Every structure is written in structure tokens, then in C-alpha cells.
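Below: the structure, in C-alpha cells.
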Amino acid sequence: MQRSKIFVKKTKKGSVLKVVREHYLRDDIWCGSKTCDVCLQQAAILEESPELESNLCRQPHYIVTDTNVVLHQMDILEVPVIKNVIILQTVLEEVRHRSAPAYKRIKDILTIRDKHFYTFTNEHHKDTYVERQPGESANDRNDRAIRMATSWYQEHLDIKIVLVTDDMENREKAKKDGITAYTVSEYVKSLSDSPELMDKLALRTSDKTTGGKAKFPEHLPLSEIQRGIKSGNYMQGSFQASRDNYLEANVSVHGSEKFDMVLIQGSHNLNRAVHGDVVAIQLLSESEWSCPSSLVLTETEKEEEEDTPNKENILKEKKSQVPKQPTGKVVGIIKRNWRQYCGILQPSLIKESTKHLFIPTERRIHKIRIETRQAKTLEGQRIIVCIDSWPRNSRYPLGHFVRALGAVGDKATENEVLLLEHDVPHTPFSQSVLSCLPEMPWRITEEDSKRRMDLRHLDICSVDPPGCTDIDDALHCRELDDGNVEVGVHIADVSHFIRPGTAIDKEAAKRGTTVYLIDKRIDMVPELLSSNLCSLRCKEDRLAFSVLWVLSQEAKIIDVKFTKSIICSRVSLTYAEAQMIIDDKNRTDTIAKSLRGLNRLAKLLKKQRIESGALTLASPEVRFHIDSETHDPIDVQSKELRDTNSMVEEFMLLANISVAEEIFREFPNCAMLRRHPEPPPSNFEPIIKAAQSKGLQLNVDTGKDLAVSLNDAQLADNPYFNTMLRILTTRCMMQALYFCSGMLPEADFKHYGLATPIYTHFTSPIRRYSDVIVHRLLAVSIGADASYPELTEKKKTHALCFNLNFRHRMAQYAGRASVGLHTQLFFKTRVIDEDGYVLFVRKNALHVLIPKYGLEGMVFLTDEKKRSPFTYDEQESIQRCGDVEIGVFDHVVVQVSIDRSNVQHQKLVLRLVQPEIPGFSVPSSGPPSAKKMKMDTS
Amino acid sequence: MAEVLLSEAERTFIVHGIQDNIRADGRSCEDYRHMELETDVVSNTSGSARIRLANTDILVGVKAELAIPASDRPDEGRIEFFVDCSANATPKFEGRGGEEFATEISNILSRAYDNQGSLNLKDLCVIPKQQCWVLYVDVMVLECGGNVFDVVSFAVKAALHNTRIPNITVHADDNGRTELELSDDPYDCKRVDVHKTPSIVTVSKIGHFHVVDASMEEEACCLARLMLGITEQSTVTAIKKEGSGSLDPESIYDMMETGKRVGQAVNATLYQKLQEEEKLGPNKRKAGFLG
């Protein structure tokens, strides 16, 4: 039977098109139930006697849902208890149309055998197809189709069918047709065996159901927003909440030359936007423009309603001397980017209450109101919560509980939290990925050795941090007869094992990078490769990709050669061991000679680099000593930098640059390179100002100028000043990015930090996917491997770069978060006074860096009653109290401890010890630990 | 047109029959043959109709498209005719053989419709000077079996009656730029009023008398014919004389009178039948091309 589906649509060009689709109805679509002996199905999915105890419907029954249930109550549907659900094609198609993630989730459920979810293709069934009637909206038609299918099932089977829908009109009509229909909450409530399901119920209150006065202005409908954007009245941008102040946010406007960042202040103007949303904003008139306040505001626990206006008034205080920024307000939401958030429950004052507030780990997300009856069990647990809606009359967004991760403070839980929060794919490798691995025992085949250069006779060694198992680089150096030096950098040949297009390749491309947490490593490639076959372990034959230079004694490149090779590392050293060998005058073996040669050349290279304007930046890096039993950190040290660190680094840089030049020559359109854009001068303003306050002039015109002035910036009374300045300079920098050479003009290829015109990543293919691509490009350019279409497609490379940049950033954040977590664990049992330095001065707080732990935190200058003994000098950014002045870079002593007043939410607290302010600073709890900072600032 | 070979005796029989107001197939001089009419036969047009009269088979499709109004009529839409004479209709149409005939048909249709009274073209305007609907009327001559002009005009009328133009709402923003929004309900559309549209009635002069709806044989006996565009209100919107013979003013007058009379009746009947068909609703049995 044939019907046609007819609809009209408007094309992009503006013409109107009538589209006719043929639609065939069939009589051989089976019901999918085991109880049915009419249908000729082979493997029925729906169980013969569905067991789901419901108070409302005691007999065995199947469930039919409508589209909104699938869209919004997915967490309920995913629960293993919910079985035997009929998902109609009408519903599935509407879900696909409305939300891709929801569609993927429901498709996943449909593949789980134990869930007994069945897709009934009602749109093609001759008895359940309905045609749209005049005056009927598309939604009404779909609802009618759902009811039609439900009635059909009811007649077709002996088992009861329950229609679950939150749409009242639909329910009424269903009842008229003799269908049993419930709302989701009615139905879930009736499941007496699983009361915990109630928590997962998404709270959806439409704006119509008013309770209490509206606290926020209404959002404009999408059509109006689009018109406004077209006419230029509104602007579209992504909403970025401030970390420090919950009443402030920035919107980075898409595609506007005039304003790229617009400030939003006050809860009214923020208007229910959540970090990450794409919003439409309207600029306020220039007289209302404001500037970011230097206040640090967090949503306090017992905040009363009346409190907010006060805070907003504080925000609005006029500050005429500071240049104002474009300020706007949110008028509508274009796309919500809500995800699932990790966090904890805020303990409720009333024990029995089911309404609770959820505090997300991410500081930029508001608290979320959820309903749960398991508050007792969830206390002290990390949980995941999903936002459902944010009605106008609610102060907080409404959400529902998804699942619990584990106890707060438990390391496994906390690691899970930070992996989830940073969107790091960390599931075990799938079977299809593992099946791509070579078979063990693996050995180098004849074929391999024929096509590769045998470098096993060379005295190659690797130098890495202690405990490193994924060794991806090794070096050698030997004197040549003509007085020149041959230097080789040998990189693990990962692309030999990861062939393009395989499952393992796709997985690695998705993960993008290996993520290092303090006590855990999330590999990009399975361990067999990362720690064994690819890792250039000592005394084992390994495949490598080698860069061989002939260098003059002055470290000038005379010749460079790239080749696939077989190497056998003589020894794997740590930085410290390598340093010892270099320093040990008694050792004269080839390894020692090789290392000394490398070290000498590296120093020359570094000098050249610095002369051409490379920056030496600093960021505090720390190492934790982990107790082998409890896996708790027992000591923290900042990482020491030795000559050998920089030795290895220099040769890696050299290799990367040589490779970048080679692949760019061969593939001018599709080489994967790395660039570091020059920061705009405005970025430097804060540090120029800060340096001026200490009487120093910074010249930031070029990288070279900056490097020179950083070197000259020394203060006699503050030895740490230079490092501080470098730390601050690092924060002014732009992110280094991967990019595809065909997408940018050559002038933009520059790497600002390294002061080289072209750069790429070649040397760590085990832990970075970009390097794998670069390996492939290089292999093709030297004729060692075949090319494949995606490799030379610049659009594909561009898309890949985008993902890699994102993953890298997230991996960095996750790593930092892991350090933070361990710092917190470390202070769990300690209260210590430490030396610190002021990084920024805020209106009500000092931003202090404690170099020993690489720890940053706020010292709040206000007491509980919001009074501060200090007065804030905005111009100079100095806090004054009596004759004590605290400004940027100043040395302070702070007491570090854990605030345990809230068992669930322990946080690190810093208190001022020195300079002493009577009535404000806390007494010293002991001398600062004797160990002084050692940091290479050269 | 298709050639029919007639003997002198046959010719005399036909001419004499007409003198007595009785034609070879039993009709009187002002009678039409039976017609079969079906609308909505091509689903991807805005409106369509097919008419079969004797061996003449005509399919008409109307497509409504948005375009910019003509500069001399900024607040009106347009109607455009295009005729395709399929080589299936008669071997003479093979190659470019049908082109001249096709142009002739489309010319007379354009002339018949080119007046303020028959179609309210202002209705087709969306935004004056910017957007209007253009109705592209595509006529397919599937088979030629005499009296093609009349049948084409009936089919055009039926197709226009069947035409549904999607409703469009116009939004204007502050800067005066406009945006069109299409209704997502396929039933939300406007119609074309065909109450006053003309049909063509061809009056053929055979001997001293004239007939309407001449058969192939009668056409072979006819030396001069008058094509009249006539509405249900008996308004003559177009007139064209065809054939090698000449007509004296008196017989032109007579023929026009006949045309008006017949035109009025045939228009009324067609309109009534169209209404009847529409009342059957979407569940009517479709004959299509297989029936």
C-alpha cells in the first residue's frame, strides 16, 4: 500500500518547495511480543510475563512512551528495572530530530538485550499509520499516532499496555480511547520495589505553573532572537561564567569585530544562563557599562533572598577611574549546553526534606536544586546530577540525581570526578581496539629489517623522568672523522603499529593525548604498545623513526636525514642519573662521552635560541611523594630542573623544527603544525603595571625584548621576584595550537614562545596523536610509507586539530586538578605556615601563590561580618592596613589548613600570618619549613 | 493537426447532417462530447488535472513559485503558460514538430487570461515590489483527438481550481527587512478562484452552419473556425480566427452568440463538477493513469 507524505518547505534561496515522499505501508510488521502467536516473528524481544510491580497496574504490562518521556526522562529509562518498553517509530524519529545525544542514548538502550526494549515501526504498519488531518498540528498527529499504536497493541495482545505521557491532553484523549495512561511520576511512584527511581525523575515545570513571583525576565523565543541577531540588535555568543564571582560572566561574541568580549553582571542580566550555553545578548547603553569587579563572590550556603540585591549593589558601585567594558544582558538562550555535573549535596537543615541543593565541583556552575529521598546515603558522596530546567520563578536550576560515584575524599572517586569534569575518555579499550594489537610474542620481521636502517650498533640511550614507562625518545651522539658531530634523535615508531583507519587509530584520534594524573595515567593507546612495544626500553630491539643530523662543533646543522630504523637502547637513564654520569669525571665510556657531547651541543643550541628571542617561562611544578601503602601523598617537592632536562628538551625542539620544515615542504597544504600566536599587547598590561609598581620597566614589543627585560628584572630583596614575573608572564600568553598548514597564511605559523618560524610535534607519538599524524606525513615524504586520502585532506586535518586542541587543554586542566586534589589530601592532616607571594590583589582578597606546593589560593581579607581591616587602593592595587601595605609580588606568610567545618565540602583555607595585623592575622603555628625553594630561573 | 482522409461522400454526409442539426455521432450542433475529468493527479505539483475527451488527452500541472513582481505591476502575481506537445500525441509532433502548435495554444491561453477580470492577480502578491507568487501552468498534450484548444482550457481551469498555494506570513523587522515564514501545516493554504476564468470554445464553420467541439472528421470539413475565450459570465476575453476560409461579419456574430451560450453552459457545468469532486474529499477513488 502506498501513501504519500506531502509537505512544503522553504529552501535556503527562499523559494518554496513542495516535497512528496512515497510512504509504503506493510502488513508484515510484527508486534515483538513473546506472547503473540499471530505474528510470524522469529526472536521476539518483549518478555512473555513482564515483571514490574506497580501499584497502579498490578497485572503484567508493557509500557509505551511518548516523545517527551524519552527526551527528558532518559535517566529513568536507563535504569535496569525498567524493561519491556515499546518505543514507537514516531517517537524515535521525533527524538532523532530534536536531540542527537538523546537519540544516541535511546539507540544504545535498544541494543541492550536484557532491557527488552522494542522498536515498533508503527508508521509503516497498515493498521497504525495515521495521516495528518486538516487543522491538526504535527505534534497532535504524532500523539494520535502514539495512541493509535497503543490501542492497536491493546487489541492485538492479551497483555495490558500502559501509555506513559506527561502531556495532559494526550492522557485525556487516551483515556477516552480506553487506553491506560499515566504520567511518568505517577507511574514511577507506583513502582513499589524501587523507590530510589523517584530521584532520577527529571523535574520539568513549565513557565506557566507559577509559584512565587518570577525572579528572572522572560527568555525571548528563538524566532525573535534570530531576527534580532540578523538586524544586529542582539549578539550571539558563548556564555562563560566567572570562576571567582557567581554574579559575573563574559560572553565571547561570535563574529563581531567591534566587541569580542561582553561583560554580564548581576543575576537579572545573567538571566539563567549556565556556563557553556550559547546565548543571545543585548548591549546595554554605554552609560550603564561597567567593569569586572575585583570582588570574589561565592554563593554562600545560607544565603537569603534579600542578600542578593546587596551583593548586586556592591557590584554596581561606580568605579569611574577604571575603563569600562561593553556590558550587556542575556535576552535568550540559543542552545543549552548542559551536561552532567559532578558534585556533592549541600546538607539540608531539615533532615527529612526531599528537596536539596547540589553543589557542583565546577565553580562556574550554579547550585542545582534536586529532589531526593536518599539524602542520608548520599551525604558524603560524590554524585552526578543533570539539569532539567530553570523556570523563571526559581532561584536555582532544577535537576535530578543521576548516579553516585563514591565517597568524598576517596581517591578513586575524586579521580573519576576530575576525569568526568574534563571530559577525558577513560573507559577501558574496547575489544575491537584491542584486536588491532600485534600478537605476542612480537619480534621484528625480516621484512621490517630489510626496509629499515639498522642502527643497533649505535650507543643510544634514553633520558626520562623516574618511573617513566612510556619512553618515546632516545638519543645518541658521536664524533665523526671530519670533525663534525653526528647526533641522532630516535622516536618510537608508533605509526608502524597504529595503521590509519583501524579501530585503534580512531580511538587514539578521539583521545588525542595521554592524560597524566598524579597517581594514574590514562593512556591514549593500549598499554601493550605504550609501555612495551613502542616504548624504547633498554637492551631491546625496537622500531624507531630517527632524525640524524650532522652538526658542526658550533652546533650548526650541516645535514639532516630522516629514516625509519631499528635501534637498541643501551640504557634508560633518569635525568638525575644522566646528570651524574656527565658530572662523573671518571667515566669515559661511550655513553658518558655521548651524553657530554649532547650536553655541550644543547647549551649551544639553547644559547642560539635565546638570542633569537625564545622565552624562558616558569610555572610552578611539583612532585608528590606517594606513600606506597596508603597511596596518600606524604611530601611535596617542586620539580628540580637539571641540565639534562634542558639537554633532552633542546634536541627534541631541534627534531621538531627539522621535521616541521620537512613536512611543510612536502605537504604545504596539509601538514599538521603547531603555532603559538603572539599575544596582543593588551594581554601584558597587568604585568607591566605590576612590574611598574616595583619600579621596573618591561618591554614587550617583541619576544626578544620581553626575554631581555625578563632577564633584567631582578629585585635584590626578593629572590623569587623573577620567577613570579615569569609565572605571571606565562599567564599572559596565548594557547599554543595545532593547525593545518593549508588553513592559515605562512606568517601565522610562528611559535612565539620558542621564537621559531615553524614548529610541530614529532617526538612523543606514544602520548600525543598529533605526533602520529606527523610521523605518517614524514614517512610519506621520505617514501617509507604509503599515503591515504584523509591524510592529505585539509578539512579532515583541520577538524582533527580542533579535537586535539580541545583534548590537550582538557588534559592540562585535568592534570592541574589532580595536583590540586593531592595538595588537598596532603593538607588533610597538616596545618602549616608557608612562604607565599601575592599574585594579584583583589578588593576583598589576596591571590597568593605558595611556590613550595605550587599552590594558589585566596586569602580573604574580610571577616564573617564582611568587615575588612584593610582599605583597598584600586589605582595602585594595594591593600593598606595601618602602615602595612600589601601589593603584588610581596612576600607573606600564610597558614594553610583544611576547613573541616563542613564534612562534605572540605576546602583549603589560607590565613594571613605575616605581616601581622592585630586582630586579623593568625599566630604562627611554627616556623616555615626549612627547605627553601630552589628553582631554576635562568 | 492530425490528418483525416475523407471521401467526398463522407464530407457531404457530415455537412448535410449539420444542416439538419444532427451530427454523425448523434449530437446537435451545440453539444459537447463526454469528458472524463480528474484533479490532483500529480502529487508534486501545486495543482493538477487531467481531461480526456474522445481521444484527446490533456494533463495540466500548476506550480506556484515565489518570484519578484514585474516592475509595471508591482502588486500583482503572474500566470505563465507553457505547452508541451508530446510526440506520443501524434507522429507530427516528433522532433520540433509540435512547437508551433504548442506556441499557438499557449498564446491563446495567455490572451484569454490576460485581463483584470478573470483571475485576481493581486491575491498572488506577497510583498509589493518584492515577492509574489507566479503560477506556472504546464500543459502536456498526451494525445491529440480533436478540439485540443477547448480541452486544454478546461484542464487549466480544473488544475487552477485544484491549486493550493501555501500560506505565507511576512515578518518585518525594525530595519524594514522582511522575512517570509511558511506555515508548517500542509492544509493551511489558499486557493485560486476560478469562478471567472475563461474557457476556450472553438466554433467551427462547416458549410453554412457552425458547430462546437468538432470531431476529427468535422475538423477536416471545416475551413474557418473562431476560438473564443469565454467566462461563465459570458464575457469574451479573447477571440481568434483560424483556418484558410473567410468569415463574413454576420456569421462571426452568429458564431460568437453560439460561443457565448455554449461557453456559459460549459463553464458552469465544469465548475459544478469540480465542486462535486472536491466534496468527495481525500478518500475519493483515484483513477490516475491506470484507470
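The values are calculated or read from the model by the stated rules, or taken from the named source; none is laboratory data. Note that the coordinates shown come from a computational prediction; the quantities given were computed from them, not determined experimentally. Please note: Cβ atoms are built from the backbone with ideal geometry, for glycine as well, and neighbour counts cover all protein chains shown. Ligands, DNA and RNA are excluded from the accessible area calculation, which covers all protein heavy atoms including side chains. Shrake-Rupley method; radii C 1.70, N 1.55, O 1.52, S 1.80 Å.
Only aspartates and glutamates eight or more places from A:Lys200 in sequence, or on another chain, were considered; those with a Cα closer than 12 Å are A:Asp75, A:Glu78, A:Glu371, A:Asp388. The Kirkwood hydrodynamic radius of chain B, based on inverse pair distances between different Cα atoms, is 20.2 Å. When the label point is put 7 Å from the Cα of A:Arg596 along its Cα-to-beta-carbon vector, which residues of the range A:485-514 have a backbone N closer than 18 Å? Within reach of a label on A:Arg596, which here means backbone N under 18 Å from a point 7 Å along Cα→Cβ, the range A:485-514 contributes A:485-487. Label separation (A:Lys828 vs A:Asn337): 3.4 nm, computed from points 7 Å beyond Cα along the C-beta direction. Want the number for A:Lys603 to A:Asp583: 0.36 nm per residue separation, take away the alpha-carbon distance, what's left? My answer for the length gained is 5.7 nm. Each principal axis of the range A:697-736 carries a Cα extent, and these read 33, 18, 11 Å when sorted largest first. Lys-Lys pairs in the range B:231-291 that are eight or more residues apart or on separate chains and whose Cα atoms lie under 26 Å of each other come to 5. Paramagnetic label reach from A:Glu479 (point 7 Å along Cα→Cβ; backbone nitrogen cut-off under 12 Å): within the range A:566-602, residues A:593-594, A:597. Using C-alpha pairs under 8 Å with a sequence gap of at least 6, the mean separation divided by the residue count of the range B:71-200 gives a relative contact order of 30 percent.
Taking 0.36 nm per residue of separation and subtracting the Cα-Cα distance, full extension of the segment from A:Lys907 to A:Tyr396 would add 181.7 nm. Our summary gives chain B a relative contact order of 19 percent, counting only alpha carbon pairs under 8 angstrom and 6 or more residues apart. Taking both sides together, the accessible area buried where A meets B is about 1700 Å² for a 1.4 Å probe. Here the calculated FRET efficiency for A:Glu790 and A:Arg443, from their Cβ-Cβ distance with R0 = 41 Å, stands at 0.85, rounded to the nearest 0.05.
Hey, with R₀ at 60 Å, roughly what FRET efficiency would A:Asp701 and A:Asn139 work out to, going by the Cβ-Cβ distance, to 0.05? The value I calculate is 0.45.
Shielding by partners for peptide B:182-192, expressed as the average number of C-beta atoms from other protein chains within 10 Å of each residue's C-beta, is 3. Label positions at A:Glu916 and A:Ala576, each projected 7 Å from the Cα along the C-beta direction, are separated by 4.0 nm. Divide the volume of the convex hull around the Cα atoms of the protein assembly as shown by the residue count and you get 261 Å³ per residue. Taking amide hydrogens as placed 1.01 Å from N in the peptide plane, the amide H of A:Gln346 sits under 5 Å from those of A:Leu357, A:Phe358, A:Ile359, each at least 5 positions away in sequence or on another chain. Under 1.5 on a/c is rounded, so check that first for the range A:82-206, then, if it is not, pick prolate when a/b is larger than b/c and oblate when it is not; a ≥ b ≥ c are the square roots of the alpha carbon gyration tensor eigenvalues. Here the range A:82-206 falls in the rounded category. Let me know the shape class of the range A:1-104, please: from the alpha-carbon gyration tensor, a ≥ b ≥ c as square roots of the eigenvalues, rounded when a/c is under 1.5, otherwise prolate if a/b is greater than b/c, or oblate. Judged from the Cα gyration tensor, the range A:1-104 comes out oblate (a/c at least 1.5, b/c at or above a/b). If you plug the beta carbon distance of A:Arg403 and A:Met453 into 1/(1 + (r/R0)^6) with R0 = 51 Å, you get a FRET efficiency near 0.45.
Counting only DSSP beta bridges with both residues in the range A:369-441, the antiparallel share comes to about 80 percent.
Bridges between two residues of the range B:1-147, per DSSP, are antiparallel at a rate of about 75%.
Our summary gives chain A a relative contact order of 8 percent, counting only alpha carbon pairs under 8 angstrom and 6 or more residues apart. Taking 7 Å steps out from each Cα toward its Cβ at A:Arg364 and A:Asn532 produces label points 4.1 nm apart.
Sorting the Cα pairs of the range B:1-87 by distance into bins of 10 Å, from 0 upward, gives 12, 26, 25, 20, 12, 5 percent per bin. Of the trypsin sites (Lys or Arg not before Pro) in the range B:51-133, the ones in a loop by DSSP (not H, G, I, E or B) with at most 14 other beta carbons within 10 Å are B:Arg96, B:Lys129. Give the separation of the Cα centroids, the range A:99-136 to the range A:254-287, in Å. Computed from Cα coordinates, the inter-centre distance equals 39 Å. Extension gain for the segment A:Val884 to A:Ser432, taken as residue separation times 0.36 nm less the Cα-Cα distance, is 156.2 nm to one decimal. Judged by the gyration tensor of its Cα atoms, with axes a ≥ b ≥ c, the range A:718-809 is prolate; a/c meets the 1.5 cut and a/b is the larger of a/b and b/c. Per residue of A:3-9, other chain Cβ atoms within 10 Å of the residue Cβ number 4 on average.
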